[in-house]
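The next block holds one structure in the form of C-alpha coordinates; read it before the comments.
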Amino acid sequence: MSNDITEWISRIIKPREELGGMPVCPFAGSIDLDIIDTDGSDINPPPWDFELIIYKLPDYYTIAKLFELAQSYNIKFPEMIFLPDHKDRDTFINSVQTNNGKYNLILCQWRDNLTKSREKLAKTGYYTYWSEDYLKEILST
(Lines give C-alpha, C1' and ligand atoms only; values in the text may rest on other atoms or scores of the structure.)
Protein backbone atom coordinates (compact mmCIF):
# COMPACT_ATOMS: atom_id res chain seq x y z
CA MET A 1 0.00 0.00 0.00
CA SER A 2 2.72 2.47 0.94
CA ASN A 3 4.48 1.95 -2.40
CA ASP A 4 1.24 2.54 -4.32
CA ILE A 5 0.59 5.79 -2.48
CA THR A 6 4.18 6.89 -3.01
CA GLU A 7 3.80 6.17 -6.74
CA TRP A 8 0.56 8.18 -6.81
CA ILE A 9 2.27 11.12 -5.15
CA SER A 10 5.12 10.86 -7.65
CA ARG A 11 2.51 11.07 -10.42
CA ILE A 12 0.70 14.10 -9.01
CA ILE A 13 3.88 16.12 -8.37
CA LYS A 14 5.11 15.69 -11.94
CA PRO A 15 4.78 18.90 -14.01
CA ARG A 16 2.15 18.44 -16.70
CA GLU A 17 1.88 20.23 -20.02
CA GLU A 18 -1.92 19.97 -19.73
CA LEU A 19 -1.70 22.14 -16.60
CA GLY A 20 0.58 24.82 -17.98
CA GLY A 21 3.67 23.07 -16.66
CA MET A 22 2.26 22.76 -13.15
CA PRO A 23 1.75 19.44 -11.35
CA VAL A 24 -1.65 18.27 -10.12
CA CYS A 25 -0.52 18.97 -6.57
CA PRO A 26 2.38 21.43 -6.61
CA PHE A 27 3.26 21.18 -2.92
CA ALA A 28 2.92 17.43 -2.31
CA GLY A 29 6.51 16.60 -3.17
CA SER A 30 8.00 18.68 -0.40
CA ILE A 31 5.92 17.53 2.55
CA ASP A 32 6.25 14.82 5.15
CA LEU A 33 3.35 12.44 5.29
CA ASP A 34 2.06 9.64 7.43
CA ILE A 35 -0.12 6.83 6.12
CA ILE A 36 -2.55 5.31 8.60
CA ASP A 37 -4.69 2.25 7.91
CA THR A 38 -8.07 2.67 9.65
CA ASP A 39 -11.70 1.61 9.53
CA GLY A 40 -12.65 5.29 9.77
CA SER A 41 -14.04 5.25 13.29
CA ASP A 42 -10.81 6.23 14.99
CA ILE A 43 -9.57 9.17 12.94
CA ASN A 44 -8.07 11.49 15.50
CA PRO A 45 -5.28 13.69 14.12
CA PRO A 46 -2.54 14.68 16.52
CA PRO A 47 -2.75 18.16 18.05
CA TRP A 48 0.89 18.83 17.16
CA ASP A 49 2.19 20.02 13.84
CA PHE A 50 2.11 17.63 10.90
CA GLU A 51 2.04 18.24 7.16
CA LEU A 52 -0.17 15.52 5.73
CA ILE A 53 -1.86 12.42 7.05
CA ILE A 54 -3.32 9.97 4.57
CA TYR A 55 -5.93 7.71 6.11
CA LYS A 56 -6.47 4.50 4.13
CA LEU A 57 -9.99 3.18 4.61
CA PRO A 58 -11.58 -0.19 3.73
CA ASP A 59 -12.87 -0.95 0.24
CA TYR A 60 -16.48 -1.24 1.44
CA TYR A 61 -16.82 2.55 1.67
CA THR A 62 -18.99 3.91 -1.12
CA ILE A 63 -18.21 7.26 -2.66
CA ALA A 64 -21.10 8.83 -0.75
CA LYS A 65 -20.07 7.29 2.59
CA LEU A 66 -16.44 8.36 2.16
CA PHE A 67 -17.55 11.93 1.41
CA GLU A 68 -19.92 11.84 4.40
CA LEU A 69 -17.14 10.62 6.69
CA ALA A 70 -14.70 13.29 5.49
CA GLN A 71 -17.36 15.96 6.02
CA SER A 72 -18.04 14.72 9.55
CA TYR A 73 -14.34 15.12 10.38
CA ASN A 74 -14.28 18.58 8.77
CA ILE A 75 -16.99 19.53 11.27
CA LYS A 76 -15.34 17.77 14.21
CA PHE A 77 -11.90 19.29 13.52
CA PRO A 78 -12.56 22.71 11.89
CA GLU A 79 -8.88 23.67 12.07
CA MET A 80 -8.10 20.86 9.63
CA ILE A 81 -9.28 19.88 6.16
CA PHE A 82 -10.24 16.31 5.30
CA LEU A 83 -10.41 15.57 1.56
CA PRO A 84 -11.87 12.26 0.35
CA ASP A 85 -10.26 10.35 -2.50
CA HIS A 86 -12.38 7.33 -3.46
CA LYS A 87 -10.71 4.60 -5.49
CA ASP A 88 -13.65 4.34 -7.88
CA ARG A 89 -14.25 8.05 -8.43
CA ASP A 90 -12.10 9.16 -11.30
CA THR A 91 -11.30 12.83 -10.94
CA PHE A 92 -9.46 14.96 -13.45
CA ILE A 93 -8.01 18.41 -13.93
CA ASN A 94 -7.89 19.21 -17.64
CA SER A 95 -7.75 15.48 -18.54
CA VAL A 96 -5.05 14.68 -15.95
CA GLN A 97 -6.21 12.08 -13.43
CA THR A 98 -5.97 13.29 -9.83
CA ASN A 99 -7.30 10.38 -7.78
CA ASN A 100 -5.13 7.45 -6.71
CA GLY A 101 -7.46 4.79 -8.19
CA LYS A 102 -6.50 1.98 -5.78
CA TYR A 103 -7.57 2.89 -2.26
CA ASN A 104 -10.22 4.79 -0.39
CA LEU A 105 -8.32 7.63 1.23
CA ILE A 106 -8.97 10.68 3.31
CA LEU A 107 -6.22 13.29 3.23
CA CYS A 108 -5.86 15.47 6.31
CA GLN A 109 -4.01 18.79 6.47
CA TRP A 110 -4.04 21.86 8.67
CA ARG A 111 -6.54 24.32 7.23
CA ASP A 112 -4.27 27.37 7.53
CA ASN A 113 -1.38 25.63 5.73
CA LEU A 114 -3.61 24.49 2.89
CA THR A 115 -5.25 27.91 2.64
CA LYS A 116 -1.83 29.57 2.28
CA SER A 117 -0.89 27.11 -0.47
CA ARG A 118 -4.19 27.71 -2.26
CA GLU A 119 -3.67 31.48 -2.07
CA LYS A 120 -0.25 31.10 -3.71
CA LEU A 121 -1.77 28.98 -6.48
CA ALA A 122 -4.57 31.49 -7.03
CA LYS A 123 -1.91 34.03 -8.07
CA THR A 124 -0.91 31.74 -10.94
CA GLY A 125 -2.93 30.33 -13.82
CA TYR A 126 -3.22 26.99 -12.04
CA TYR A 127 -6.95 27.10 -11.29
CA THR A 128 -7.85 28.06 -14.86
CA TYR A 129 -7.36 24.39 -15.82
CA TRP A 130 -9.96 23.15 -13.33
CA SER A 131 -13.62 22.56 -14.14
CA GLU A 132 -15.92 24.91 -12.28
CA ASP A 133 -17.60 22.03 -10.42
CA TYR A 134 -14.36 20.36 -9.28
CA LEU A 135 -12.87 23.68 -8.22
CA LYS A 136 -15.97 24.49 -6.20
CA GLU A 137 -15.94 21.04 -4.59
CA ILE A 138 -12.30 21.21 -3.54
CA LEU A 139 -12.13 24.85 -2.52
CA SER A 140 -15.37 24.76 -0.55
CA THR A 141 -13.81 22.36 1.94
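A count restricted to the range 36-62 and to residues that are surrounded by fewer than 15 Cβ atoms within 10 Å (Cβ to Cβ), touching a residue at least 40 places away in the same chain (Cβ under 8 Å) and over 23 Å from I13 (Cα atoms) stands at 2. Among (1) modelled with pLDDT under 95; (2) under 17 Å from the mean Cα position of the chain (by Cα), which single condition is L57 missing? Of everything listed in (1) modelled with pLDDT under 95; (2) under 17 Å from the mean Cα position of the chain (by Cα), L57 misses just condition (1).
The conditions of being buried (at least 18 other Cβ atoms within 10 Å of the Cβ), touching a Leu at 6+ places or on another chain (Cβ under 9 Å) and without any contact (Cβ under 8 Å) to a residue 40 or more places away in the chain are not met by L33.
Conditions tested, residue by residue: (1) modelled with pLDDT under 95; (2) aliphatic (A, V, I, L, M); (3) under 24 Å from D4 (Cβ atoms).
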residue: I35; (1), (2), (3): yes, yes, yes
residue: D42; (1), (2), (3): yes, no, yes
residue: P45; (1), (2), (3): yes, no, yes
residue: W48; (1), (2), (3): yes, no, no
residue: L66; (1), (2), (3): no, yes, yes
residue: L105; (1), (2), (3): no, yes, yes
residue: K120; (1), (2), (3): yes, no, no
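Give the number of residues within the range 86-103 that are surrounded by fewer than 16 Cβ atoms within 10 Å (Cβ to Cβ), touching a helix residue (DSSP H, G or I) at 6+ places or on another chain (Cβ under 7 Å) and of a type outside the set (D, E, K, R). The total comes to 2.
In the range 25-48, what count of residues is obtained for those that are in a loop (DSSP other than H, G, I, E, B), of a type outside the set (S, T, N, Q) and farther than 23 Å from S140 by Cα? So that I can check it myself, show each step before the final result.
Taking the range 25-48 and keeping what is in a loop (DSSP other than H, G, I, E, B), we get 25-27, 31-32, 38-48.
From the residues that got through so far, the ones that are of a type outside the set (S, T, N, Q) too are 25-27, 31-32, 39-40, 42-43, 45-48.
Checking the rest, the ones that are also farther than 23 Å from S140 by Cα come to 32, 39, 42, 46-48.
Number satisfying all stated conditions: 6.
Any residue at all in the range 50-61 that's part of a loop (DSSP other than H, G, I, E, B), in contact with a helix residue (DSSP H, G or I) (Cβ under 9 Å, 6 or more places away or on another chain) and more than 13 Å from I106 (Cα to Cα)?
Within the range 50-61, the subset part of a loop (DSSP other than H, G, I, E, B) is 50-51, 58-61.
Next, from what is left, pick out any that are in contact with a helix residue (DSSP H, G or I) (Cβ under 9 Å, 6 or more places away or on another chain): 51, 61.
The next check asks that each one be more than 13 Å from I106 (Cα to Cα); those that pass are 51.
Yes, the conditions are met somewhere in the range 50-61.
The number of residues in the range 72-101 that are outside any loop (DSSP other than H, G, I, E, B) and either touching a residue at least 24 places away in the same chain (Cβ under 8 Å) or under 30 Å from E18 (Cα atoms) (or both) comes to 12.
The values are calculated or read from the model by the stated rules, or taken from the named source; none is laboratory data. Source: prediction; values computed, not measured. Here Cβ is always computed from backbone atoms with ideal geometry, including for glycine, and neighbour counts include all displayed protein chains.
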